[in-house]
Amino acid sequence: MSVESNDGESRTVEGDTTLAALAHASALVASILGPVLFLVLADDDDELVRENAKNSLNFQIVMFVAFVVSGILTIVLVGLLLLPIFAIIDLVLVLIATVKANNGEVYEYPYTPSIV
């Protein structure tokens, strides 16, 4: 069962909500490897886990690039301000995504392109 929302909100899909939530929460421990692991382990017919793992992986790739850029910008001291801001954004959005995925929703991170 898949319900698509018209206003760009999350959509609800049948599947294993625990694995979908762990696909997001694993990014707090293993940034890119956690979502990749759940993407590989997801059943072919479990759309909820697959879509949430893909969205989490896309977001973690974007956050990795943001951390690298802010790491380079520490040379001019701007990166020292950006690093904690990106860390807080990463933590808050991953926690929101974990809760939404646990409710059976496919969460799409804001301003994140589909890379995978």
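The values are calculated or read from the model by the stated rules, or taken from the named source; none is laboratory data. This is a predicted model, so every value here is computed, not measured. Counting neighbours? That spans all protein chains shown, and the Cβs are built from the backbone with ideal geometry, glycine included.
Just so you know, in segment 101-116 the residues that are free of Cβ contacts under 8 Å to residues at least 60 places away in the same chain and surrounded by 13 or more Cβ atoms within 10 Å (Cβ to Cβ) include one that is nearest to the chain's Cα centre (by Cα), and it is TYR109. Can you confirm whether ASP46 is charged (D, E, K, R) and over 23 Å from GLY15 (Cα atoms)? No: the conditions fail for ASP46.
Residues in segment 80-116 that are in contact with a helix residue (DSSP H, G or I) (Cβ under 6 Å, 6 or more places away or on another chain) and at positive phi: how many? Residues flagged as in contact with a helix residue (DSSP H, G or I) (Cβ under 6 Å, 6 or more places away or on another chain) and at positive phi within segment 80-116 amount to 1. Going through (1) among the aromatic types (Phe, Trp, Tyr); (2) out of contact with any Pro (no Cβ under 9 Å at 6 or more places or on another chain); (3) assigned to a helix (DSSP H, G or I) one by one, TYR111 falls short only on (3).
Find the residue count for segment 4-43, including only residues that are of a type in the set (Asp, Glu) and modelled with pLDDT of 95 or more.
Of the residues in that region, 0 qualify.
Would you be able to say whether some residue in segment 58-67 is touching a helix residue (DSSP H, G or I) at 6+ places or on another chain (Cβ under 9 Å) and of a type in the set (Val, Ile, Thr)? Looking through segment 58-67, none of the residues is touching a helix residue (DSSP H, G or I) at 6+ places or on another chain (Cβ under 9 Å) and of a type in the set (Val, Ile, Thr).
Scanning segment 44-83 for residues that are of a type in the set (D, E, K, R) and touching a strand residue (DSSP E or B) at 6+ places or on another chain (Cβ under 7 Å) yields a count of 2.
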